[in-house]
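J.: Below you will find the structure I want to go over with you.
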Amino acid sequence: MILDDVAPRGWDARIAFPLQSTGFAEASRALGHRPLFAEDARGQALVLVRRVPVPLLAGWTARAKAYAHAHHPGFLPALAERLRGLGISHIKVGDSLWGVSGAVPPGWDTLRPVRYHLLVHDLRVDEAALLAGTRRMIRRHLRKYADEVTVTEVRTRGDLDAYLRLAAETGERMRDRDVAAVYPPAYFEAIHREMVPRGQAVLFLARARGAPLAAAAFLVSGARFTQIHGCSTRDRVLTPRQGPTFIFWHAMRHARALRCRTFDMGAVTPTDDPAHPHHSVYEYKKLWGGRLETLRSAELVLSPWKHRFQERVLAPMWDRLHPVYLRLFSGDPLPEPALASPLLELSGQEHRS
């Protein structure tokens, strides 16, 4: 197995989903991750490593997320053993955007299932049927403001700046509600620069008479069109124009034109509790119809002692410390053992945790 911080030649032509791409790897650096590219005949993974680069803490805080697609059941165990050797204590296999993909070893008891929920729409129906599946409120808003609201792709620097302002405004609102939502400008700039030209992502911006209302980012694959971020204004003069509603409808039509088979609106938290921080998002997305599906991801604890320390000591402080981490430590390299060779080889022998 090759494990390197430089993507092998032709990497993007072999990936299974845009979250494995070199462009997303670059965007992830802005979130404090160090990307590693893992590949052999059994599978392929983009591994995002994060740690707190402070003496004494560094060795206790290294964690990883793996966006993996396995052709053979031996790929994930072999990858886990390699990451264990780099001092990684915990691996998330996928997340709420893309889960476990491909062949998983039967009976791999240490792999713990993690489940997310998505509202998914079948795009193989015509536009009329798609619109008919929404609640009356959605259709009424689309008719009422059709002459005022326009949605376009983010193409120019001015468009991107408008997106960034909406993202910053939304991030502040979410932090006020103790919902972690730190996305620095460099994250969206990398997606726009690296992924949009390759057809792996698209950013949309809704305006009413020139004023930005809402924006969103989506991943594009042959089968799926997936929301990864959304933001909007809270200017009371502008919110009645329903910017997010026009973004979603435009995105659905765009995805159909690309012949994507499904459209998903990002993860939701099914809850009837109005006090839950995600309740309003769930209620809004239900207005669009669709079917509730389970996305299966997983996690693997490689070092119980380090993982226990992270969960009991670091996790309670993380939401507040994360913005500071991004400003001070984003892109910091791993300790020396991980940098011993620019190209790390692992034998083809299968390993099991």
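The values are calculated or read from the model by the stated rules, or taken from the named source; none is laboratory data. Since the structure is predicted, the reported quantities are computational estimates derived from the model, not experimental observations. Ideal geometry is used to build each Cβ from the backbone, glycine not excepted, and the neighbour counts take in all protein chains shown.
J.: Check whether at least one residue in segment 73-91 is buried (at least 21 other Cβ atoms within 10 Å of the Cβ) and among the β-branched types (Val, Ile, Thr), and report yes or no.
T.: There is at least one residue in segment 73-91 that is buried (at least 21 other Cβ atoms within 10 Å of the Cβ) and among the β-branched types (Val, Ile, Thr).
J.: Quick one: how many residues across segment 8-24 are among the small types (Gly, Ala, Ser), part of a loop (DSSP other than H, G, I, E, B) and surrounded by fewer than 20 Cβ atoms within 10 Å (Cβ to Cβ)?
T.: Of the residues in segment 8-24, 2 are among the small types (Gly, Ala, Ser), part of a loop (DSSP other than H, G, I, E, B) and surrounded by fewer than 20 Cβ atoms within 10 Å (Cβ to Cβ).
J.: From the list Leu334, Leu344, Leu302, pick out the single residue that is under 30 Å from Arg42 (Cβ atoms), crowded, with 17+ Cβ neighbours inside 10 Å and at pLDDT 65 or above. Can you show your working first?
T.: Details: Leu334 fails: at pLDDT 65 or above; Leu344 fails: at pLDDT 65 or above.
The match here is Leu302.
J.: Just give me the residues in segment 1-21 being more than 13 Å from the chain's Cα centre (by Cα) and more than 20 Å from Leu83 (Cβ to Cβ), in sequence order.
T.: Arg9, Gly10, Asp12, Ala13, Arg14
Yes or no, residue by residue, for (1) acidic (Asp, Glu); (2) in contact (Cβ under 8 Å) with a residue 60 or more places away in the chain:
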{"position": "Gly222", "(1), (2)": "no, no"}
{"position": "Val237", "(1), (2)": "no, no"}
{"position": "Gln242", "(1), (2)": "no, yes"}
{"position": "Phe248", "(1), (2)": "no, no"}
{"position": "Pro270", "(1), (2)": "no, yes"}
{"position": "Pro277", "(1), (2)": "no, yes"}
{"position": "Glu293", "(1), (2)": "yes, yes"}
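J.: Right, here's the next one. Give all pairs with beta carbons closer than 6 Å in which a residue from segment 25-42 that is modelled with pLDDT of 95 or more and outside any loop (DSSP other than H, G, I, E, B) meets a residue that is crowded, with 21+ Cβ neighbours inside 10 Å and of a type in the set (Val, Ile, Thr); count only pairs at least 6 apart in sequence or on separate chains.
T.: Cβ pairs passing all conditions: Ala27/Ile191; Leu36/Val47; Ala38/Val47.
J.: Which one of these is touching an Asp or Glu at 6+ places or on another chain (Cβ under 8 Å) and at pLDDT 95 or above: Ala68, Ala45?
T.: Exactly one of Ala68, Ala45 is touching an Asp or Glu at 6+ places or on another chain (Cβ under 8 Å) and at pLDDT 95 or above, namely Ala45.
J.: For segment 279-288, state whether one or more residues are of a type in the set (S, T, N, Q) and in contact with a Lys or Arg (Cβ under 9 Å, 6 or more places away or on another chain).
T.: No: segment 279-288 contains no residue that is of a type in the set (S, T, N, Q) and in contact with a Lys or Arg (Cβ under 9 Å, 6 or more places away or on another chain).
J.: I would also like to ask the following. Determine which single condition His229 fails, assuming it passes every other condition in (1) over 19 Å from Leu131 (Cα atoms); (2) over 19 Å from the mean Cα position of the chain (by Cα).
T.: (2) is the only condition that His229 fails.
J.: Here is a further query. For the condition in contact with a Phe, Trp or Tyr (Cβ under 7 Å, 6 or more places away or on another chain), touching a residue at least 40 places away in the same chain (Cβ under 8 Å) and closer than 30 Å to Leu79 by Cα, what is the one hit in Ala201, Ala298?
T.: Step by step, each of Ala201, Ala298 is checked, and only Ala201 is in contact with a Phe, Trp or Tyr (Cβ under 7 Å, 6 or more places away or on another chain), touching a residue at least 40 places away in the same chain (Cβ under 8 Å) and closer than 30 Å to Leu79 by Cα.
J.: Given the residues Thr269, Thr233, which is the only one that is modelled with pLDDT under 95 and either of a type outside the set (Ser, Thr, Tyr) or surrounded by fewer than 19 Cβ atoms within 10 Å (Cβ to Cβ) (or both)? Let's see the steps before the verdict.
T.: Working: Thr233 fails: either of a type outside the set (Ser, Thr, Tyr) or surrounded by fewer than 19 Cβ atoms within 10 Å (Cβ to Cβ) (or both).
Matching residue, one of Thr269, Thr233: Thr269.
J.: Now for a separate question. Within segment 217-230, which residues are hydroxyl-bearing (Ser, Thr, Tyr), surrounded by fewer than 22 Cβ atoms within 10 Å (Cβ to Cβ) and closer than 13 Å to His254 by Cβ?
T.: Filtering segment 217-230 down to residues hydroxyl-bearing (Ser, Thr, Tyr) leaves 221, 226.
Filter once more, keeping what is surrounded by fewer than 22 Cβ atoms within 10 Å (Cβ to Cβ): 221.
Of everything in segment 217-230, nothing turns out to be hydroxyl-bearing (Ser, Thr, Tyr), surrounded by fewer than 22 Cβ atoms within 10 Å (Cβ to Cβ) and closer than 13 Å to His254 by Cβ.
J.: Here is a further query. Give segment 94-151 a look and list any residue that's at positive phi and touching a residue at least 60 places away in the same chain (Cβ under 8 Å), or say none.
T.: Result: Gly94, Gly102.
J.: Can you confirm whether Val149 is crowded, with 17+ Cβ neighbours inside 10 Å, closer than 30 Å to Pro184 by Cα and under 21 Å from the mean Cα position of the chain (by Cα)?
T.: no
J.: If you take the residues in segment 236-266 that are assigned to a loop (DSSP other than H, G, I, E, B) and of a type outside the set (D, E, K, R), which one is surrounded by the most Cβ atoms within 10 Å (Cβ to Cβ)?
T.: Gln242
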